1. Just to be sure I understand, how many residues within the range 53-72 are part of a helix (DSSP H, G or I) and either more than 16 Å from Ala119 (Cβ to Cβ) or free of Cβ contacts under 8 Å to residues at least 24 places away in the same chain (or both)?
2. Hey, could you check the range 40-61 for residues that are of a type in the set (D, E, K, R) and over 23 Å from Thr135 (Cα atoms) and say which is modelled with the lowest pLDDT?
3. Pairs only if they're at least six apart or on different chains, beta carbon under 6 angstrom, first in the range 92-103 and within 17 Å of Ala114 (Cβ to Cβ), second at pLDDT below 95 and exposed (fewer than 12 other Cβ atoms within 10 Å of the Cβ); list them, first residue then second.
4. Determine, yes or no, whether Ala64 is surrounded by 14 or more Cβ atoms within 10 Å (Cβ to Cβ), among the small types (Gly, Ala, Ser) and either modelled with pLDDT of 95 or more or closer than 30 Å to Arg149 by Cβ (or both).
5. Filter the range 82-97 down to residues that are surrounded by 16 or more Cβ atoms within 10 Å (Cβ to Cβ) and under 18 Å from Ala129 (Cβ atoms), then give me how many there are.
6. Is it fair to say Thr135 is within 30 Å of Leu57 (Cβ to Cβ) and modelled with pLDDT of 95 or more?
7. If we scan the range 22-39, do we find a residue that is at negative phi, part of a helix (DSSP H, G or I) and at pLDDT 90 or above?
8. Can you list the helices (runs of 4 or more DSSP H) found entirely within the range 78-157 that contain at least 2 residues being small (Gly, Ala, Ser), closer than 18 Å to Thr51 by Cβ and out of contact with any Phe, Trp or Tyr (no Cβ under 6 Å at 6 or more places or on another chain)?
Amino acid sequence: MTRNFSLTASVLEVLDRVRPAPSLSAHCDGPCGVYDPASARIAAEAVKSMTQKLIDLGDANDLAAQNTRSRYITIKEEESEECKRQLLILWTDYFKPPHLEDYPELHTIFWNAAKQCSATKTSVDAAAADELMATVQKVHEIFWASKGRDVPWYTAS
């Protein structure tokens with residue numbers, strides 16, 4: 001049995017030298033290849049919606065308002081974090097060095113987007129939520145352009 005294994009290994013070694021297998025690489029442990037900035041857009045829209053709801057709720061201090069406020073804050077913070085997570089997946093897994101040649105501002109856009117997610121998480125500021133949406137739109141445009149596709153920007157709300 002050892003001899004057959006040794007013979008098989010020798011044959012495979014010769015074949016590998018004569019015709020080596022192509023080198024493969026994957027962006028993650030499970031190479032799904034499925035990327036879309038829509039997840040970041042949906043999370044950013046939720047941040048914007050919860051921010052506006054908090055502003056509209058105002059300073060009411062009764063128990064129902066406190067309960068509603070805490071729910072809105074929780075959702076806003078969770079969605080800010082989810083938006084950041086989705087953006088970082090695109091930044092670190094989808095975009096590659098050749099994309100930087102075509103879009104030299106890419107790192108700055110993603111850096112600012114991540115910072116904007118943090119800003120919307122720690123504040124109740126409609127302008128910050130609007131800025132996050134605008135930055136996610138830039139990512140959307142670059143992403144689809146990098147795939148040679150014209151996918152229009154839209155929002156659910």
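The values are calculated or read from the model by the stated rules, or taken from the named source; none is laboratory data. Predicted, not measured: the structure shown is a model, and the values here were computed from it. Because the Cβ atoms are built from the backbone with ideal geometry, glycine has one as well, and the counts that use them run over all protein chains shown.
1. Here is the first cut: in the range 53-72, the ones part of a helix (DSSP H, G or I) are 53-57, 63-72.
So of that shortlist, the ones also either more than 16 Å from Ala119 (Cβ to Cβ) or free of Cβ contacts under 8 Å to residues at least 24 places away in the same chain (or both) come out as 53, 56-57, 63-72.
Of the residues in that region, 13 qualify.
2. Result: Asp59.
3. Close Cβ pairs satisfying both conditions: Asp93/Cys28.
4. No; evaluated as a whole, the condition is false for this residue.
5. Selection size over the range 82-97: 5.
6. Considered against the rule, which asks whether it is within 30 Å of Leu57 (Cβ to Cβ) and modelled with pLDDT of 95 or more, Thr135 comes out as yes.
7. The answer is yes; a qualifying residue exists.
8. 106-121, 126-146
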